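Trainee: Provided herewith is a single structure, encoded as structure tokens, for subsequent inquiry.
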Amino acid sequence: MVVAADFAPATVCILSCYLLSLSDNVLPLILCTLCTFLTLKIEKFPAIRKRITQNFLWKVQFFCHPVWMFSFLYFGQGSQAATLGLIPFAFNFLVEPWDIPNNDLIFRTSFFMHHIGPILGSMVISSTSSEYFILAQALLFMHGWLLHTISFADNYKWISKQRVFWPYCIQGFLFMSFWWWSVGAENVHCPQVFPTLLFWLGRWGVFLSLQNLFPDFKNPKSTCYDAFEDWKQIVELGSFCIPFLLLLLFSSAKR
């Protein structure tokens, strides 16, 4: 049976197609689309997914997500090879370590926005000469995917996720401020900003849709409740909006 959520990945890809004009080759987006649909297929086979996620090398790549993000985005400088190299890591080699809702349109759209964002970010880097913006974008994506490392370490009891809440959020505020500053100071245009916005909107949409689908996620008395994730939404939104408002304020003052 075909449900609305099955069209969500295609919707994200169509929304991103205008970025093709900034790329010398359509191969990264074609591969990205292929990975999207393969991910949907593999999630229907729990045994295959479990075998992959229990593999040591898969766990290493998951733990090192922020390293891959920063390396491909900053050192790759938007080359096609860097973008193609980033795609397998951005898609977790086609599997997720947890079950995801199959039939929710908002969740599925947000989920693939989150995964496609850094890939599109790599595609548009070549269209800007701003070294500050390239660095800021790489740091911001690295910070976003650092959450995978934190969750992985918390799952194995190496750290307490709740104890690193404020260090993580402070780092996020600093990187978001740097990113917004680079957007304003370096005259970065809308197409270069779009992938980062897509990523963060997808990230927030994923958790909000999960809270809507599973009310226990927002119930502090439930064992499913994660205070880190719940409060992170509010703090991150503020960290994203405050530097933006300051940018508008200073831009208006200069005129």
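Read the figures in this text as sums done on the coordinates, not as results from a lab. Just so we're clear, the structure is a prediction, and the values are computed from it rather than from any experiment. Glycine gets a Cβ as well: all are built from the backbone with ideal geometry, and neighbour counts include every protein chain shown.
Trainee: Please give the peptides 176-183, 32-39, 45-52 ranked by average Cβ packing (other Cβ atoms within 10 Å per residue), highest first, as a rough proxy for protection.
Mentor: 176-183, 32-39, 45-52
Trainee: Find, to one decimal place in angstroms, the Kirkwood hydrodynamic radius of the chain, where the mean of 1/r is taken over every pair of different Cα atoms and then inverted. Numbers along the way, then the final one.
Mentor: Working: mean 1/r = 0.0527 Å⁻¹.
Kirkwood hydrodynamic radius for the chain: 19.0 Å.
Trainee: Among His189, His115, His143, which one shows the highest mean-square fluctuation when the chain is modelled as a Gaussian network with alpha-carbon springs under 10 Å?
Mentor: Result for the chain, Cα springs under 10 Å: His189 fluctuates most.
Trainee: Ranked from highest to lowest mean number of other Cβ atoms within 10 Å per residue, what is the order of the peptides 144-153, 215-224? Could the numbers behind the result be given before it?
Mentor: Numbers: 144-153: 18.5, 215-224: 11.0.
Put in order of decreasing packing, that is 144-153, 215-224.
Trainee: Another question, if that's okay. If you average 1/r over every pair of different alpha-carbon atoms in segment 36-185 and take one over that average, what Kirkwood value in Å do you get?
Mentor: On the way: mean 1/r = 0.0606 Å⁻¹.
Averaging 1/r across every pair of different Cα atoms and inverting gives 16.5 Å.
Trainee: If you put +1 on each Lys and Arg Cβ and -1 on each Asp and Glu Cβ, how big is the dipole of the chain around its Cα centre, in Debye rounded to 20? Don't jump to the answer; show the numbers that get you there.
Mentor: On the way: 16 positive and 14 negative charges, 72 e Å.
The dipole of the chain has a size of about 340 debye.
Trainee: Return the tail of the calculated pair distribution for segment 114-228, meaning the percent of Cα-Cα pairs more than 24 Å apart. It would help to have the intermediate numbers written out before the result.
Mentor: Working: 2298 of 6555 pairs.
So the pairs more than 24 Å apart make up 35 percent of the total in segment 114-228.
Trainee: Anything in the chain that counts as a DSSP H helix reaching 24 Å or more along its axis (C-alpha) with Kyte-Doolittle mean of at least -1.0? List them, would you? Walk me through the intermediate numbers first.
Mentor: Numbers: long enough: 105-125 (30 Å, 1.26); 131-155 (36 Å, 0.77); 165-185 (30 Å, 0.83); 190-213 (33 Å, 0.83); 227-254 (41 Å, 0.94).
Both cut-offs are met by 105-125, 131-155, 165-185, 190-213, 227-254.
Trainee: Determine which lysines satisfy two conditions relative to Lys44: a Cα distance under 28 Å, and not lying fewer than 8 residues away in the same chain.
Mentor: Lys59, Lys218
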